[in-house]
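Input: a single structure, listed below in structure tokens.
The values are calculated or read from the model by the stated rules, or taken from the named source; none is laboratory data. Keep in mind the model is a prediction, meaning the values are calculated, not measured. Every residue, glycine as well, gets a Cβ built from its backbone with ideal geometry; the counts of neighbours run over all protein chains shown. Protein only, heavy atoms only, side chains kept; ligands, DNA and RNA dropped before computing areas. Shrake-Rupley method; radii C 1.70, N 1.55, O 1.52, S 1.80 Å.
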Amino acid sequence: MPPKKTNAGLSKPLLPTDKMPLPMFLKHLNDAGMSMPNAMSVAAKIYKVHNTPEKLGSLDAASLAKFGIDSKEMRTQILLAFSKFKSSSTPVVAKIQNAEASSSSVPTGRVLGGEDDVFGFQINDTVDDTEQRERERREAEQKRQAKAEDLDQKRRNALDNFQEKLQKKK
């Protein structure tokens, strides 16, 4: 029997109260950098209760800890994955910091390095940073291509020299 069609692949946006299909839920987590096995374990813990954009937008670090998600890194990935469902204008990183500070009795200490938050993410990660990373990737690819072409040219020259020597011997 063919699988049921879901709106996971459709471009139709979800309403805040629409139930998000599980594949779309997993895709959001995976796109945020979480491995698929981790995404599935998170889904097993929170999908039954938080399966609409509205409910996912209301998640915070303290509620994720209550669901048994102990890793700060994993909680941060989850909150960043569903940050587009937040209804307020408060930045996600600030909410993560506030929730972590309120849920923990241990002081987090001061942040070294200026603009990093307590989880090590850059707060001012802008489009310029993305463009810079893309430019660096392209430059590295061009260098790799040039090196491959140079190596190919050296091999051709060596082959030509070898063939010339064979011709002279005849």
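Using the structure shown, decide if Leu151 is open to solvent by less than 100 Å² (accessible area, probe 1.4 Å), more than 18 Å from the chain's Cα centre (by Cα) and modelled with pLDDT under 90.
no
The residue list Ala94, Ala99 contains one member that is at pLDDT below 85, buried (at least 16 other Cβ atoms within 10 Å of the Cβ) and in a helix (DSSP H, G or I), which is Ala99.
Pairing each residue of region 72-86 that is within 8 Å of Gly57 (Cα to Cα) and open to solvent by less than 30 Å² (accessible area, probe 1.4 Å) with any residue that is modelled with pLDDT of 85 or more and in a loop (DSSP other than H, G, I, E, B), provided the two are 6+ apart or on different chains, yields C-beta distances under 8 Å for Phe82/Leu59. When Tyr47 is tested against (1) closer than 24 Å to Leu15 by Cβ; (2) open to solvent by 40 Å² or more (accessible area, probe 1.4 Å); (3) more than 13 Å from the chain's Cα centre (by Cα), exactly one condition is not met: (2).
Per the listing Glu115, Glu164, the residue uniquely charged (D, E, K, R), open to solvent by 50 Å² or more (accessible area, probe 1.4 Å) and at pLDDT 80 or above is Glu164.
Restricting to region 50-82, count the residues that are under 21 Å from Leu15 (Cβ atoms) and either of a type outside the set (Phe, Trp, Tyr) or part of a helix (DSSP H, G or I) (or both).
Residues that pass the stated criteria total 11.
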